[in-house]
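> Got a structure for you, questions after.
The values are calculated or read from the model by the stated rules, or taken from the named source; none is laboratory data. Everything numeric here is computed off the predicted structure, so don't read it as measured data. Note that each Cβ is placed from the backbone with ideal geometry, even for glycine, and that neighbours are counted across all protein chains shown. Note: accessible area is taken over every heavy atom of the protein model, side chains too, but ligands, DNA and RNA are not part of it. Shrake-Rupley method; radii C 1.70, N 1.55, O 1.52, S 1.80 Å.
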Amino acid sequence: MKNAPRVNIDRNASWNRRRFLAAMAGTAAGSSLSPLVFSAASDKPSPAPDKPRTVAILATKVAKYSHAQHFIDRFLEGYGWHGAHHKPSLQLASLYVDQFPENDLARERSKRHNVPICPSIAEALTLGGSRLAVDGVLIIAEHGDYPKNKKGQTLYPRYKFFKETVKVFEDSGRAVPVFNDKHLSTDWKECVEMVQDSRRLGFAFLAGSSLPVTWRIPSVELPVEAELEESVAVCYGGVDSYDFHGYETAQCMSERRAGGESGISSIQALRGDELWKRVESDAGTKELLFAALARSHSLKAPEGYTVWLPTVDWIRECSPEATGFFVKHRDGFRTTLFLLNGYLRDFNYAGRKKGGEIVSCQMQLPMPPSNTTLADFFNPLVNNIEQTIMTGKAAYPVERTLLTSGMTLAGVDSLIEDGALRETPEMNIAYRPQNESVYWRA
Amino acid sequence: MAELRKIAFVLERFKPDSAAQHLLDRFLIGYAKDGRFLKSEDKLVTVFIPEDAWNADLDKRVKDLKLRRTNDLLEAIEGADGVIVIGGGPAGRPHDETKTEFVVSRVPEGCPVFIHGAPGRTPQFINKLNGIARDRKTPLTAGSVIAAAGRLPEWGLKPGTKIRKAMAIVHGDFPTAEYHGLEILIPFSQIRHVDTMKREVRGEIRVTERRWMFTGVASRNTTSDVVMRLKEDGWDKLYAAAVSRSDSPRGMSVKDGRTQDLSDPDMFAKLATDARLAEFSEIDNYHFMVVVANGVVGDFTVAVEEADGTIHSTQIYQPPAPARAGYDRLAAAIDQMFETGKAPWPFFHKYNETFLLDIVQFQAESQKQAANQAAQPPFIGPAAPPGSPKPAR
């Protein structure tokens with residue numbers, strides 16, 4: 001895979017109707033599931049436009065501390081950025097909200113800021129007209145009352161929102177940048193289709209978690225082409241939920257290894273004795289597990305203590321349902337994700353470079369209301385969305401999130417098959433990251 | 001580098017989630033530093049605590065972790081390779097001065113002593129303590145978890161940077177909040193040395209003594225006065241920069257509007273429940289300010305303005321309970337002091353903190369009669385102890 005030819009996608013091109021229709025005509029070729037080999041977005045932004053641009057936010061529900069509230073309020077009220085209160089130059093023009101629970105905040109925000117809540121996605125994007133009328137779209141389909149599938153995955157309507165958005169693009173003969181919060185879909189083919197739609201119509205597509213862009217403690221930048229040999233992420237949370245955050249924690253570092261990302265070939269999810277036997281049999285992975293734990297600020301201690309040094313026995317006692325996801329990349333690189341519920345409550349990374357040097361950090365994700373009232377890790381995410389919409393270029397490659405979505409899905413598959421090795425030939429997603437990580441550091 | 005053997009803790013009380021617990025446990029068990037865990041297997045930890053303060057939590061540590069108990073203070077510090085003194089109250093509350101003086105006077109010569117929080121009530125006592133330590137070659141410093149905290153984002157100013165203003169936004173009761181604010185700000189005074197006494201020696205101008213000269217201290221203790229001051233003399237810029245680093249604004253998002261925008265001091269006025277402000281001036285027209293923003297924020301932030309108008313700001317990051325991993329950094333700083341004999345920051349800082357807190361407290365009491373009255377300048381700090389350039393002879 002390292003030598004596979006890469007297809008350069010011109011994400012910076014201006015669009016007209018003729019070109020757009022020509023792109024649509026290429027749908028058949030673009031939607032195949034053949035190996036996806038993408039180049040990263042350019043690092044240089046194009047000049048900012050001279051008039052305010054507008055965005056629509058498509059949300060499942062808006063309640064205090066829901067993801068949608070964090071995004072909406074940042075666009076309406078601003079947020080702290082680089083030592084100042086930053087008010088986005090993008091105007092929130094419309095909302096589409098799928099569910100209105102008793103604690104809904106969407107109506108209050110709509111009234112206070114005079115932002116319409118539209119009855120359909122199409123109307124939110126066209127502002128009641130016949131053509132696309134906004135300059136960017138945010139899909140925030142996290143939280144809300146949605147069914148689960150047989151695997152226990154919550155069927156958030158991200159793909160549905162996305163396809164309705166694409167339909168408006170197609171009907172309008174114009175496409176604008178889209179951000180999708182968290183993983184793309186619970187179906188791999190849908191995930192791929194979403195990315196391919198963005199390529200086919202040529203719009204910037206940004207997606208994923210706050211983890212790759214939040215504070216790092218300490219502030220660790222891994223250069224592109226780093227001689228990285230293995231990654232471990234240690235975190236907490238539910239399967240089909242925070243596991244995705246954990247994969248993003250690891251992948252935003254792993255992708256910077258020499259040769260770039262090559263895709264993954266298999267994943268195996270282990271629990272109980274099988275998990276810890278695997279850990280004990282692999283000194284390298286175990287070393288990285290403890291290196292990552294040393295960056296945590298939340299390790300559980302025995303009753304009466306607030307600090308305790310980790311041992312495998314103690315971790316097992318605290319986290320009887322601990323889960324390890326062992327990911328093999330196509331170039332032989334390895335990523336392991338540990339979900340240690342009951343033992344810690346933060347996200348930590350450790351990677352080993354050639355020669356044995358370990359790089360490690362915490363990627364900070366303090367949860368409201370106990371550790372923060374703002375959850376300011378949304379600040380850098382919103383800022384990268386702004387940059388993406390203003391420049392028309394994704395701040396970082398969506399292929400990362402395509403791959404981490406795949407890891408999430410395949411990990412769930414392995415877990416429900418009692419730890420069976422899940423081969424992932426379809427996830428041969430090769431890409432290279434941008435030169436500079438865009439995590440929050442100033 | 002000294003082989004560590006005996007670490008003595010001199011405590012007044014021991015209770016869960018106190019500095020005493022966090023530090024004692026790190027010296028008994030270990031802590032994380034620079035991405036790895038350091039075990040404390042090589043340490044013999046002894047504790048002295050008044051008999052009536054002994055409790056089951058300490059019994060547990062004797063049983064589980066081989067903590068050694070002694071009822072004799074002299075025995076506790078005898079042969080120690082490092083001593084940690086921790087008072088019974090919050091960091092800003094002074095210790096039992098008699099006990100602290102006894103420890104510094106009677107530890108083995110050269111044995112480092114770390115005092116948690118404010119080491120005394122008056123600058124005179126701090127000066128006395130400093131003199132004893134200097135005479136006995138005892139490395140001495142003091143401070144709280146704030147002094148060793150990390151920053152979000154990480155940055156530092158180079159020594160010699162010309163600074164015009166600085167502001168710390170903190171929260172809490174008096175005097176602990178003000179104490180923490182000064183712990184954050186006093187190191188910036190050190191960055192921009194004020195050399196007050198120079199002498200020509202063989203054709204060269206040399207610093208003969210380094211003193212900090214405070215030319216004014218003013219306190220405000222009502223929200224309206226605080227907000228008024230925040231709007232004056234360009235302080236609003238520093239306030240906006242510092243508060244933009246907060247991740248814990250208070251208030252209800254529905255009731256108040258989203259509290260993400262606190263950069264307007266009027267929002268401060270809306271949320272504040274108990275606001276205070278202490279402003280300090282130094283001889284070279286450097287001004288710094290501690291803003292106690294109870295009801296407004298729940299974290300610690302700081303902004304510094306260079307002479308050219310550049311403003312830097314950061315959050316003084318405090319990791320959450322129950323682990324309060326910030327104590328890892330403080331324990332590491334103390335451990336390093338015990339190993340190397342070099343204090344992580346000068347004890348001289350503590351003189352200035354105590355000196356200024358003393359004035360603020362005096363003003364707070366005086367203001368019952370005359371609101372917002374500034375104390376009369378100048379206030380002259382003491383000569384800087386070890387760590388500063390030696391005076392020319």
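> Of all residues in segment A:345-376 being in contact with a helix residue (DSSP H, G or I) (Cβ under 7 Å, 6 or more places away or on another chain) and open to solvent by 20 Å² or more (accessible area, probe 1.4 Å), which is nearest to the other protein chains (Cβ to nearest Cβ)?
A:ILE358
> So is A:GLU77 within 14 Å of chain B (Cβ to nearest Cβ) and open to solvent by 20 Å² or more (accessible area, probe 1.4 Å) or not? Quick ask: steps written out before the conclusion?
On the way: within 14 Å of chain B (Cβ to nearest Cβ): yes; open to solvent by 20 Å² or more (accessible area, probe 1.4 Å): yes.
Yes, satisfied.
> When you look at A:ILE389, is it under 25 Å from A:HIS86 (Cα atoms), touching a strand residue (DSSP E or B) at 6+ places or on another chain (Cβ under 9 Å), in contact (Cβ under 8 Å) with a residue 60 or more places away in the chain and β-branched (Val, Ile, Thr), yes or no? Please lay out each step first, then the result.
Numbers: under 25 Å from A:HIS86 (Cα atoms): yes; touching a strand residue (DSSP E or B) at 6+ places or on another chain (Cβ under 9 Å): yes; in contact (Cβ under 8 Å) with a residue 60 or more places away in the chain: yes; β-branched (Val, Ile, Thr): yes.
Spelling it out, A:ILE389 is indeed under 25 Å from A:HIS86 (Cα atoms), touching a strand residue (DSSP E or B) at 6+ places or on another chain (Cβ under 9 Å), in contact (Cβ under 8 Å) with a residue 60 or more places away in the chain and β-branched (Val, Ile, Thr).
> Select from segment A:418-442 the residues that are in a strand (DSSP E or B) and closer than 28 Å to A:ARG271 by Cβ and write down the one among them that is nearest to the other protein chains (Cβ to nearest Cβ). First the steps, then the outcome.
Step one: list which residues in segment A:418-442 are in a strand (DSSP E or B), which gives A:422-423, A:429-431.
From what's left, closer than 28 Å to A:ARG271 by Cβ: A:422-423, A:429.
On the way: A:ARG422: 32, A:GLU423: 34, A:ILE429: 30 Å.
Here the residue is A:ILE429.
> Using the structure shown, decide if A:MET390 is in a helix (DSSP H, G or I), more than 14 Å from every other protein chain (Cβ to nearest Cβ) and open to solvent by less than 20 Å² (accessible area, probe 1.4 Å). Show your work before the answer.
Working: in a helix (DSSP H, G or I): yes; more than 14 Å from every other protein chain (Cβ to nearest Cβ): yes; open to solvent by less than 20 Å² (accessible area, probe 1.4 Å): no.
No.
> Looking only at segment A:414-441, which residues are touching a Gly at 6+ places or on another chain (Cβ under 8 Å) and hydroxyl-bearing (Ser, Thr, Tyr)?
Within segment A:414-441, A:THR424, A:TYR431 qualify.
> Residue check, A:ARG53 against (1) within 13 Å of another protein chain (Cβ to nearest Cβ); (2) open to solvent by 10 Å² or more (accessible area, probe 1.4 Å); (3) within 30 Å of B:LYS237 (Cα to Cα), all met but one. Which one?
Unmet for A:ARG53, out of (1) within 13 Å of another protein chain (Cβ to nearest Cβ); (2) open to solvent by 10 Å² or more (accessible area, probe 1.4 Å); (3) within 30 Å of B:LYS237 (Cα to Cα): (1).
> Would you mind telling me which numbered condition in (1) open to solvent by less than 10 Å² (accessible area, probe 1.4 Å); (2) within 25 Å of the chain's Cα centre (by Cα); (3) more than 14 Å from chain B (Cβ to nearest Cβ); (4) of a type outside the set (Gly, Ala, Ser) A:GLN268 fails?
Single failed check for A:GLN268: (1).
> Now for a separate question. In segment A:417-442, what residues are open to solvent by less than 80 Å² (accessible area, probe 1.4 Å) and on the phi > 0 side of the Ramachandran plot?
Result: A:GLY419, single match.
> What do you reckon, is A:VAL279 among the β-branched types (Val, Ile, Thr) and within 14 Å of chain B (Cβ to nearest Cβ)?
no
> Right, something else. Give me the residue from segment A:188-202 that is within 13 Å of A:ARG158 (Cα to Cα) and of a type outside the set (A, V, I, L, M, F, W, C) and, out of that set, surrounded by the most Cβ atoms within 10 Å (Cβ to Cβ).
A:GLU193
> If you check A:SER94, A:SER130, which single one turns out to be among the polar types (S, T, N, Q) and either modelled with pLDDT under 95 or assigned to a loop (DSSP other than H, G, I, E, B) (or both)? So that I can check it myself, show each step before the final result.
Working: A:SER94 fails: either modelled with pLDDT under 95 or assigned to a loop (DSSP other than H, G, I, E, B) (or both).
The unique qualifying residue is A:SER130.
Okay, residues lined up against (1) in contact with a helix residue (DSSP H, G or I) (Cβ under 6 Å, 6 or more places away or on another chain); (2) more than 7 Å from chain A (Cβ to nearest Cβ); (3) under 22 Å from A:ARG109 (Cβ atoms); (4) surrounded by fewer than 21 Cβ atoms within 10 Å (Cβ to Cβ):
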{"residue": "B:ARG229", "(1), (2), (3), (4)": "no, yes, no, yes"}
{"residue": "B:ASP233", "(1), (2), (3), (4)": "no, yes, no, yes"}
{"residue": "B:ALA242", "(1), (2), (3), (4)": "no, yes, no, no"}
{"residue": "B:ARG245", "(1), (2), (3), (4)": "no, no, no, no"}
{"residue": "B:SER248", "(1), (2), (3), (4)": "no, no, yes, no"}
{"residue": "B:SER253", "(1), (2), (3), (4)": "no, no, yes, yes"}
{"residue": "B:ASP256", "(1), (2), (3), (4)": "no, yes, yes, yes"}
{"residue": "B:ASP264", "(1), (2), (3), (4)": "no, yes, yes, yes"}
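> Filter segment B:299-319 for residues that are in contact with a Gly (Cβ under 6 Å, 6 or more places away or on another chain), closer than 18 Å to A:LEU365 by Cα and open to solvent by less than 20 Å² (accessible area, probe 1.4 Å) and give the result. Steps first, answer last, please.
Step one: filter segment B:299-319 for residues in contact with a Gly (Cβ under 6 Å, 6 or more places away or on another chain), giving B:313, B:317-319.
So of that shortlist, the ones also closer than 18 Å to A:LEU365 by Cα come out as B:317-319.
Within segment B:299-319, B:PRO319 is the sole residue that qualifies.
> From the set of residues in segment A:89-103 that are in contact with a strand residue (DSSP E or B) (Cβ under 8 Å, 6 or more places away or on another chain) and not aliphatic (A, V, I, L, M), which is surrounded by the fewest Cβ atoms within 10 Å (Cβ to Cβ)? Steps first, please.
Quick first cut of segment A:89-103, residues in contact with a strand residue (DSSP E or B) (Cβ under 8 Å, 6 or more places away or on another chain) only: A:89-98.
Checking which are not aliphatic (A, V, I, L, M) leaves us with A:89, A:91, A:94, A:96, A:98.
Values: A:SER89: 13, A:GLN91: 15, A:SER94: 24, A:TYR96: 25, A:ASP98: 19.
Ranking the qualifying residues of segment A:89-103, first place goes to A:SER89.
> State the number of residues belonging to segment A:227-286 that are part of a strand (DSSP E or B) and hydroxyl-bearing (Ser, Thr, Tyr). Break it down stepwise before answering.
Going through segment A:227-286, the residues part of a strand (DSSP E or B) turn out to be A:228-235, A:257, A:261, A:264-271.
Filter again for hydroxyl-bearing (Ser, Thr, Tyr), leaving A:231, A:265-266.
Qualifying residue count, segment A:227-286: 3.
> Going residue by residue through segment B:201-208, is there one that turns out to be within 14 Å of chain A (Cβ to nearest Cβ), open to solvent by less than 50 Å² (accessible area, probe 1.4 Å) and either modelled with pLDDT under 85 or closer than 25 Å to B:HIS287 by Cα (or both)?
Of segment B:201-208, the ones within 14 Å of chain A (Cβ to nearest Cβ) are none.
Scanning segment B:201-208, I find no residue that is within 14 Å of chain A (Cβ to nearest Cβ), open to solvent by less than 50 Å² (accessible area, probe 1.4 Å) and either modelled with pLDDT under 85 or closer than 25 Å to B:HIS287 by Cα (or both), so the answer is no.
> When you go through A:SER370, A:SER405 one by one, which is the residue that is in a helix (DSSP H, G or I) and of a type in the set (S, T, N, Q)? It would help to see each step written out before you state the result.
On the way: A:SER370 fails: in a helix (DSSP H, G or I).
Answer to the selection: A:SER405.
> On to the next question. Test of understanding: among B:LYS165, B:LYS158, which residue is more than 30 Å from B:GLN21 (Cβ to Cβ), of a type in the set (D, E, K, R) and part of a loop (DSSP other than H, G, I, E, B)? Let's see the steps before the verdict.
On the way: B:LYS165 fails: part of a loop (DSSP other than H, G, I, E, B).
Just one listed residue meets the conditions, B:LYS158.
Rundown of residues vs (1) without any contact (Cβ under 8 Å) to a residue 60 or more places away in the chain; (2) within 23 Å of A:TYR305 (Cβ to Cβ), yes/no style:
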site	(1), (2)
B:ALA303	no, no
B:GLU306	no, no
B:GLN315	no, no
B:PRO320	yes, yes
B:ALA323	yes, yes
B:GLY326	no, yes
B:ALA332	no, yes
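> Tell me, yes or no, whether segment A:311-327 has at least one residue that is farther than 30 Å from B:LEU67 by Cβ, in a loop (DSSP other than H, G, I, E, B), among the polar types (S, T, N, Q) and out of contact with any Pro (no Cβ under 6 Å at 6 or more places or on another chain). First the steps, then the outcome.
Within segment A:311-327, the subset farther than 30 Å from B:LEU67 by Cβ is A:320-327.
Still in the list and also in a loop (DSSP other than H, G, I, E, B): A:320-322.
With among the polar types (S, T, N, Q) added as a condition, the list becomes none.
Taking every residue of segment A:311-327 in turn, none turns out to be farther than 30 Å from B:LEU67 by Cβ, in a loop (DSSP other than H, G, I, E, B), among the polar types (S, T, N, Q) and out of contact with any Pro (no Cβ under 6 Å at 6 or more places or on another chain).
> Going by the conditions given, is A:ALA294 buried (at least 23 other Cβ atoms within 10 Å of the Cβ), in contact with a Phe, Trp or Tyr (Cβ under 9 Å, 6 or more places away or on another chain) and over 29 Å from A:MET427 (Cβ atoms)? Lay out the reasoning, then the answer.
Numbers: buried (at least 23 other Cβ atoms within 10 Å of the Cβ): yes; in contact with a Phe, Trp or Tyr (Cβ under 9 Å, 6 or more places away or on another chain): yes; over 29 Å from A:MET427 (Cβ atoms): yes.
For A:ALA294, the condition - buried (at least 23 other Cβ atoms within 10 Å of the Cβ), in contact with a Phe, Trp or Tyr (Cβ under 9 Å, 6 or more places away or on another chain) and over 29 Å from A:MET427 (Cβ atoms) - is met.
> A further question on this structure: How many residues, within segment B:108-145, are surrounded by fewer than 24 Cβ atoms within 10 Å (Cβ to Cβ), assigned to a loop (DSSP other than H, G, I, E, B), without any contact (Cβ under 8 Å) to a residue 40 or more places away in the chain and not charged (D, E, K, R)?
Number satisfying all stated conditions: 2.
> May I ask you to list the residues in segment A:104-117 that are open to solvent by less than 20 Å² (accessible area, probe 1.4 Å) and either of a type in the set (Val, Ile, Thr) or not in a loop (DSSP other than H, G, I, E, B) (or both)? Quick ask: steps written out before the conclusion?
Let us first name the residues in segment A:104-117 that are open to solvent by less than 20 Å² (accessible area, probe 1.4 Å), namely A:105-106, A:109, A:115.
Once the filter is applied, which keeps residues that are open to solvent by less than 20 Å² (accessible area, probe 1.4 Å) and either of a type in the set (Val, Ile, Thr) or not in a loop (DSSP other than H, G, I, E, B) (or both), segment A:104-117 yields A:ALA106, A:ARG109, A:VAL115.
> Would you please name the residue that is nearest to the chain's Cα centre (by Cα), looking only at residues in segment A:48-81 that are part of a loop (DSSP other than H, G, I, E, B) and over 28 Å from A:LEU155 (Cα atoms)?
Initially, segment A:48-81 is screened for residues part of a loop (DSSP other than H, G, I, E, B), giving A:48-52, A:60-66, A:78.
So of that shortlist, the ones also over 28 Å from A:LEU155 (Cα atoms) come out as A:48-52, A:78.
On the way: A:ALA48: 25, A:PRO49: 27, A:ASP50: 30, A:LYS51: 29, A:PRO52: 27, A:GLY78: 22 Å.
Step by step, filter segment A:48-81, then rank; the result is A:GLY78.
> Out of segment A:297-312, which residues are surrounded by fewer than 18 Cβ atoms within 10 Å (Cβ to Cβ) and among the charged types (D, E, K, R)? First the steps, then the outcome.
Of the residues in segment A:297-312, the ones surrounded by fewer than 18 Cβ atoms within 10 Å (Cβ to Cβ) are A:301-304, A:308, A:311-312.
The answer is A:GLU303, and nothing else.
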